[in-house]
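Asks: Sharing a structure with you now.
The values are calculated or read from the model by the stated rules, or taken from the named source; none is laboratory data. Since the model is a prediction, treat every value here as computed from it, not as a measurement. Virtual Cβ from ideal backbone geometry, glycine too; neighbours counted across all protein chains shown.
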Amino acid sequence: MNFIKTTLLLSLLTGILVVVGGLIGGLSGAILFLIIAGVMNFFAYWFSDKMALKMAGAHEVSEAQEPQLHAIVREVAQLSGMPMPRVFVIETESPNAFATGRNPQHAVVAVTTGIRRILTDRELRGVLGHEMGHVKNRDILTSSIVATIAGAVSLIAQVLMWSSLFGRRDENQNPLLVLVAIIVAPIAASMIQLGISRQREYAADKTGAEVTHDPLALASALEKLEKGVAMRPMQDTPVQEAVSALYIVKPFKGQGVSNLFSTHPPLEDRIRRLKNMG
């Protein structure tokens, strides 16, 4: 069901890109921006993992340096039927973790020093099951495509706005449709991107819980992480914001209306689903 929802949302996002691109240059404009999005996506697919790790300030650790962490990661990888990923650590007291990599053969898992302090080995195993769930579900490819298309929609909406402001408008363009595209398209693209990100989190929770056969461990970990991040959130900077969607829980404080635009679904909902599985 999550795969179907993601596919439908991705198709809708692509449709928005084609429509807005068509408003600029007709059929040729739509095709041109699809090609541009494809080129952007190629670079995102091959280099997104390196960029994410660098922005997060993560550094790789060997088995000699972190034998216990490597042992848990190896166990979860074997349960998932996937190769052993590279292991990274992020030096911050804010408890969190994420996975990246274009496929299981190039996967990376990263954990913060803070998460190691507050979780038991069983809970950490549940968290790493969630992260390996992202890798197993090929989420990195999906998120790269979504981010690229959403970015392209925003880009061409801006081009459309500036061309309209300076009077460079095609006579065949409907001014009302152009206005709607400028205002609505970027908002719609962002909301669809958030919807896909949330579906990815639910799917990774389910996959990780099934692989480790311990949904209650992940539920317990999420409860601790919710409190831990509230006490020690990451510093909210443009760099951290760029990778915030990768983390297992939202790394910044946010309540009320801001949660409507969060890339993560409500933690209480995720915890409830996991407890129901248990």
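Asks: For Asn174, only one of the following conditions fails: (1) surrounded by 22 or more Cβ atoms within 10 Å (Cβ to Cβ); (2) at pLDDT below 65. What is its number?
Replies: All conditions are met except number (1).
Asks: Now a separate question. Considering the stretch 28-85 alone, what residues qualify as being charged (D, E, K, R) and part of a helix (DSSP H, G or I)?
Replies: Asp49, Lys50, Lys54, Arg74, Glu75
Asks: So, of the residues in the stretch 228-247 that are surrounded by 12 or more Cβ atoms within 10 Å (Cβ to Cβ) and either at pLDDT 95 or above or not aliphatic (A, V, I, L, M) (or both), which turns out to be nearest to Thr212 (Cα to Cα)?
Replies: Tyr247
Asks: Right, another one. Return yes or no: is Gln158 at pLDDT 95 or above and part of a helix (DSSP H, G or I)?
Replies: no
Asks: Every residue in the stretch 188-202 that is among the small types (Gly, Ala, Ser) and surrounded by fewer than 21 Cβ atoms within 10 Å (Cβ to Cβ), please.
Replies: Ala188, Ser190, Gly195 - these are the residues of the stretch 188-202 that are among the small types (Gly, Ala, Ser) and surrounded by fewer than 21 Cβ atoms within 10 Å (Cβ to Cβ).
Asks: Does any residue of the stretch 8-21 turn out to be at pLDDT 75 or above, under 30 Å from Thr212 (Cβ atoms), over 19 Å from the mean Cα position of the chain (by Cα) and in a helix (DSSP H, G or I)?
Replies: no
Asks: Just to be sure, is Asp214 at pLDDT 95 or above and within 15 Å of the chain's Cα centre (by Cα)?
Replies: Considered against the rule, which asks whether it is at pLDDT 95 or above and within 15 Å of the chain's Cα centre (by Cα), Asp214 comes out as no.
Asks: May I ask you to list pairs of residues, at least six apart or on different chains, whose Cβ atoms are under 8 Å apart, with the first in the stretch 63-84 being touching a residue at least 24 places away in the same chain (Cβ under 8 Å) and of a type in the set (Ser, Thr, Tyr) and the second being part of a helix (DSSP H, G or I) and surrounded by 12 or more Cβ atoms within 10 Å (Cβ to Cβ)?
Replies: Here the result reads Ser80/Gly129; Ser80/Met132; Ser80/Gly133; Ser80/Val135; Ser80/Lys136; Ser80/Val211, each pair linking the stretch 63-84 to a residue that is part of a helix (DSSP H, G or I) and surrounded by 12 or more Cβ atoms within 10 Å (Cβ to Cβ).
Asks: Another one. Go through the stretch 206-235 residue by residue and tally those that are touching a Pro at 6+ places or on another chain (Cβ under 8 Å) and not in a loop (DSSP other than H, G, I, E, B).
Replies: Going through the stretch 206-235 one residue at a time, the tally reaches 5.
Asks: Taking Pro104 as meeting all but one of (1) under 23 Å from Ser197 (Cα atoms); (2) free of Cβ contacts under 8 Å to residues at least 40 places away in the same chain; (3) in contact with a Leu (Cβ under 9 Å, 6 or more places away or on another chain), write down the number of the exception.
Replies: Pro104 satisfies all of (1) under 23 Å from Ser197 (Cα atoms); (2) free of Cβ contacts under 8 Å to residues at least 40 places away in the same chain; (3) in contact with a Leu (Cβ under 9 Å, 6 or more places away or on another chain) except (3).
Asks: Test Ser220 against the stated conditions and say whether it is modelled with pLDDT of 70 or more, of a type in the set (S, T, N, Q), closer than 26 Å to Arg138 by Cβ and surrounded by fewer than 22 Cβ atoms within 10 Å (Cβ to Cβ).
Replies: no
Asks: State which residue pairs qualify: first residue under 19 Å from Lys227 (Cβ atoms) and inside the stretch 245-270, second residue charged (D, E, K, R) and at pLDDT 70 or above in any location, beta carbons under 6 Å apart, and separation of 6 or more residues or different chains.
Replies: Ser262/Lys250; His264/Glu201; His264/Lys250; Pro265/Arg198; Pro265/Glu201; Leu267/Glu226; Arg270/Asp205
Asks: Here is a follow-up. Counting residues that are surrounded by 20 or more Cβ atoms within 10 Å (Cβ to Cβ) and small (Gly, Ala, Ser), which strands (runs of 3 or more DSSP E) fully inside the stretch 86-147 reach at least 1?
Replies: 97-100, 108-112
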